[in-house]
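Have a look at the structure below before the remarks.
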Amino acid sequence: MGDNGGTGLILGIESSCDETAAAVVQAGSAALSNVVASQISLHANYGGVVPELASREHLRNIVPVVREAMARAGVGFGDLDAVAVTEGPGLAGALLVGITYAKALAWGIGKPLIGVNHLEGHIHAVLMEARQDLKEAMELPLLALVVSGGHTHLYLATQKRDLATQSDEGAWSYRNVGRTVDDAAGEAYDKVAKLLGLGYPGGPWMDALAVRGNPRAVPFHFGQIKPRPHREGISMPNKKAPASSGGPTFDFSFSGIKTAVLRYVETHAMRESVEARRRALAAMGGEKPGIEAVAGLCDAQTLDLIASFQYAVVGNLLRQTFAAAEAFGARGVVVSGGVAANSELRRRFQAEADRRGLPVAFPSLALSTDNAAMIAAAAWPKFVAGAFASEDLAATPQLRLGQA
Ligand code: KG4
Ligand code: ZN
């Protein structure tokens, strides 16, 4: 702990998309509470997140969610050492609700305010739990894949360590070494699920259905993505994958596979069965169906298509992540974000990491999707470093993490 006193209790607040969340975390490692009010069922009727509805729901939820997080942690506002809030990236109006509330609260209780990048939060969800499981920090640098409905990014993450004390509480720094040039992986899952007549969000359904199909039935391919010019000067310790002009990059593209699935549906006369499934699910009237009921609405061809889509997407995420880890000499891999909940992804990443002798860590399912414990955890090293936000802290919808 730094010399800021207190017991390291940070209240985290997250409202960047469709979850209103609050959590109390002690010294970046122990979550005393983690409350999430999800708006999924509200947005499901529209097949995606509606920004205006999201802001309104955040307004409605923020006070009770924070109150519950404090009550479950068994602490009062006076016990807090800081208030941390997501400043971006995300939906402007949604971010604003959390930021306005956090500012007012921090000011009211006379405690510092800390702004956290949502993507950094996802990375710290894993680090927080990995520290608990492994009883020590993973070796640095780490290659972090943040893969969700809004993001597919690769970061090389490291932390300044105090050589004298070997303290691991220094500031973290990030280098963005890959990102999607179009859709995020979770977005591709959701769009493909939608065009197959499945509910929103589609990722969990696709995950559960994929095990029932043949992943080799439809061969989907990912082409090489053109290197970005500004990446030419990027320096890599291991020269196997130079990013100089013409060489491979660690970027992603998921719009092609979505189009390929659409084409497959059309050329294989699957439209009618898709519509029948959509109608059958709609007739269930808002009630969440069980997996057996949904699987019963899918023929073998559909299950094979879902399994093949997932096999290709996970394979692409895996190849790019481990190629980047090798090129940058990473000592471990962390995967986070909503898609990190995917069972095939976890299984194949673990197998590949074992094969390479690299540690890999995922968050628990509760910390894979958006939450506020990750925001409070990421705020801890900032608290120790005294990196507090000013009262000008503003919602930054396009906020980036680290340098490119
Ligand atoms: O991190 P998150 O809650 O919100 C964003 O920041 O986007 O991620 C939500 C995304 C959705 O696209 C959802 O379909 C996907 O994560 N997802 C999954 C799984 N669970 C959630 N995708 C694949 N397999 C899953 N099991
Ligand atoms: Zn997220």
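The values are calculated or read from the model by the stated rules, or taken from the named source; none is laboratory data. What you see is a predicted model, and the numbers here were worked out from it, not measured in a lab. All Cβ positions, glycine included, derive from the backbone under ideal geometry; neighbour counts span all protein chains shown. Heads up: the accessible areas ignore ligands, DNA and RNA and are worked out on the full protein's heavy atoms, side chains in. Shrake-Rupley method; radii C 1.70, N 1.55, O 1.52, S 1.80 Å.
Put simply, the amide H of residue 32, placed in the peptide plane, has neighbours under 5 Å in 24, 25, 26, leaving out anything fewer than 5 places away on its chain. Working from the Cα coordinates of the range 289-404, the gyration tensor eigenvalues give, after taking √(5λ), semi-axes of 33, 22, 14 Å in decreasing order.
Using θ = phi - 60° in the Karplus curve 6.51 cos²θ - 1.76 cosθ + 1.60, the 3J(HN,Hα) couplings for the range 46-62 round to 9, x, x, 6, 9, x, 5, 5, 4, 4, 4, 5, 4, 4, 5, 8, 4 Hz; x is entered for Gly and Pro. If you look at the Cα atoms of the chain, you get an Rg and a Dmax of 21.5, 68 Å. Compute the signed sum of charges (Lys and Arg +1, Asp and Glu -1) over the other residues within less than 12 Å, Cβ to Cβ, of residue 354. Around residue 354, the charge tally is +3. Residue order by solvent-accessible surface for 153, 221, 124, 268 is 221, 268, 153, 124, largest first, with ligands and nucleic acids left out and a 1.4 Å probe. Sorting 107, 205 by accessible area puts them as 107, 205; the probe is 1.4 Å, largest comes first, and only protein heavy atoms count. Among 324, 366, 301, whose Cα sits farthest toward the positive end of the charge dipole of the range 290-404 (+1 at Cβ of Lys/Arg, -1 at Cβ of Asp/Glu, about the Cα centre)? The listed residue farthest towards the positive side: 324.
Summed over all non-identical Cα pairs, the Kirkwood treatment of the range 185-358 gives a radius of 17.6 Å. Sites count as exposed loop sites when they are GluC sites (Glu not before Pro), lie in a DSSP loop, and have at most 15 other Cβ atoms within 10 angstrom; the longest stretch of the chain without one is 1-135. If you line up the long axis of helix 373-385 against the longest principal axis of the chain, both from Cα atoms, how many degrees apart are they, to the nearest 10? Result, in degrees: 40.
Relative to the longest principal axis of the Cα atoms of the chain, the long axis of helix 185-195 lies at roughly 40 degrees.
In deg cm²/dmol and to the nearest 500, what is the mean residue ellipticity at 222 nm of the chain if only DSSP H runs of at least 4 residues count, each as -39500 (n - 2.57), divided by the residue total? Estimated from H runs of four or more residues: -13500 deg cm²/dmol.
Of the trypsin sites (Lys or Arg not before Pro) found in the range 275-345, those in coil by DSSP whose Cβ has at most 16 other Cβ atoms within 10 Å are 331. A simple charge model with +1 on the Cβ of Lys and Arg, -1 on the Cβ of Asp and Glu and nothing else charged puts the dipole of the chain at about 900 debye relative to its Cα centre.
For the range 5-97, dividing the convex hull volume of the Cα atoms by the residue count gives 94 Å³ per residue. Rolled with a 1.4 Å probe across the full set of protein chains, the surface gives residue 384 an accessible area near 40 Å². Axis of helix 92-109 versus longest Cα principal axis of the chain: the two differ by about 20°, to the nearest ten degrees. Considering only alpha-carbon pairs that sit under 8 angstrom and 6 or more positions apart, the relative contact order computed for the chain is 27 percent. Give, as a single signed number, the net charge of other residues whose beta carbon lies under 10 Å from the beta carbon of residue 254, with Lys and Arg counted +1 and Asp and Glu -1. With Lys, Arg at +1 and Asp, Glu at -1, the net is -1.
Each of 345, 334, 46 was scored by the projection of its Cα onto the charge dipole of the chain, and the greatest displacement toward the positive side belongs to 345; charges sit on the C-beta of Lys, Arg, Asp and Glu. Note on residue 279 and residue 68: with the Förster distance fixed at 51 Å, the Cβ-Cβ geometry gives a FRET efficiency of about 0.85. Given +1 at the Cβ of Lys and Arg, -1 at the Cβ of Asp and Glu and no other charges, the dipole of the range 321-404 around its Cα centre is 340 debye to the nearest 20.
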